[in-house]
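Novice: If you scroll down you'll find the structure; I have some questions about it.
The values are calculated or read from the model by the stated rules, or taken from the named source; none is laboratory data. None of the values given here were measured: they were computed from a predicted structure. When we count neighbours, we look across all protein chains shown, and the Cβ atoms used for this are built from the backbone with ideal geometry, even at glycine.
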Amino acid sequence: MAPHCVPVQLVKLIEDHFGRGSIVHGLRCTPGHPWDKLYFEWMKHADVFIPCLSETYLNNPACCEGFLEACLVQAPDPEDTRRVVIPVLLGPLPWKYPSAVPDDKICLGPGKPALSRFPDATKEQLLGQFGTRNAFPNPNDGLLFDNPEKNIPKLITLIEAAIENSRNSQACPTPPRTCICR
């Protein structure tokens, strides 16, 4: 399956389970308009953030900004169960773990332009988030769609738990929101 099709398939699976409108992602931004303003506004209302990890994701400044926004601004406490970042392994990585990405395959570092939303972000800060927030599935178990019969129900359960924790912590529950970062 083409790598760009996988996030679309994941969106469909999540919407099939939670309902249309339960998920926001960059593909919902109006063509010809700035994607980032709307996208980062949507992130303020999400309970679950799902960065779609692949080799190209980690080297894309816009993807790194989405990941940092999720980790540092929207869900800064990795132990908080009400707003959760679940990095999902969608594309093969030529290294074993997301936190082991080589310098030439990451969007931050010497000789790379600063990120517009996070101009002071460092490679170490980004990799620290990958080291803190375990990827799903475990890299030893392959990619999400290597075993969809096993992995998709587990991912849905993780999302459901985060939504339930979020709803239980609010006086006025809001509709579930999941944000796909791709």
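One line per residue, one yes/no per condition, for (1) surrounded by 18 or more Cβ atoms within 10 Å (Cβ to Cβ); (2) aromatic (F, W, Y); (3) closer than 23 Å to F145 by Cα:
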residue: V8; (1), (2), (3): no, no, yes
residue: G26; (1), (2), (3): yes, no, yes
residue: C29; (1), (2), (3): no, no, no
residue: E41; (1), (2), (3): no, no, no
residue: E55; (1), (2), (3): no, no, yes
residue: E65; (1), (2), (3): yes, no, no
residue: V73; (1), (2), (3): no, no, no
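Novice: Give the stretch 82-94 a look and list any residue that's part of a loop (DSSP other than H, G, I, E, B) and surrounded by 14 or more Cβ atoms within 10 Å (Cβ to Cβ), or say none.
Specialist: Matches in the stretch 82-94: R82, R83, I86, P87, L90, G91, L93.
Novice: Another question, then. Among the residues of the stretch 27-77, which ones are small (G, A, S) and touching a residue at least 24 places away in the same chain (Cβ under 8 Å)?
Specialist: A46, S54, A62, G66, A70, A75
Novice: Further question on the same structure: Return yes or no: is I23 at pLDDT 90 or above and either in contact with a helix residue (DSSP H, G or I) (Cβ under 7 Å, 6 or more places away or on another chain) or closer than 21 Å to E160 by Cβ (or both)?
Specialist: no
Novice: Could you tell me how many of the residues in the stretch 33-59 are polar (S, T, N, Q) and over 13 Å from the mean Cα position of the chain (by Cα)?
Specialist: 2
Novice: Can you tell me which of (1) among the hydrophobic types (A, V, I, L, M, F, W, C); (2) assigned to a helix (DSSP H, G or I); (3) in contact with a Cys (Cβ under 8 Å, 6 or more places away or on another chain) is the one F40 doesn't meet?
Specialist: (3)
Novice: Something else now. Kindly provide the set of residues from the stretch 112-171 that are in a helix (DSSP H, G or I), polar (S, T, N, Q) and within 29 Å of K12 (Cβ to Cβ), ordered by number.
Specialist: Q129, N140, N151, T157, N165, S166, N168
Here's the yes/no breakdown for (1) part of a helix (DSSP H, G or I); (2) under 25 Å from I106 (Cα atoms); (3) touching a Ser or Thr at 6+ places or on another chain (Cβ under 9 Å):
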| residue | (1), (2), (3) |
| --- | --- |
| G21 | no, no, no |
| H33 | no, no, no |
| C52 | no, yes, no |
| T56 | yes, yes, no |
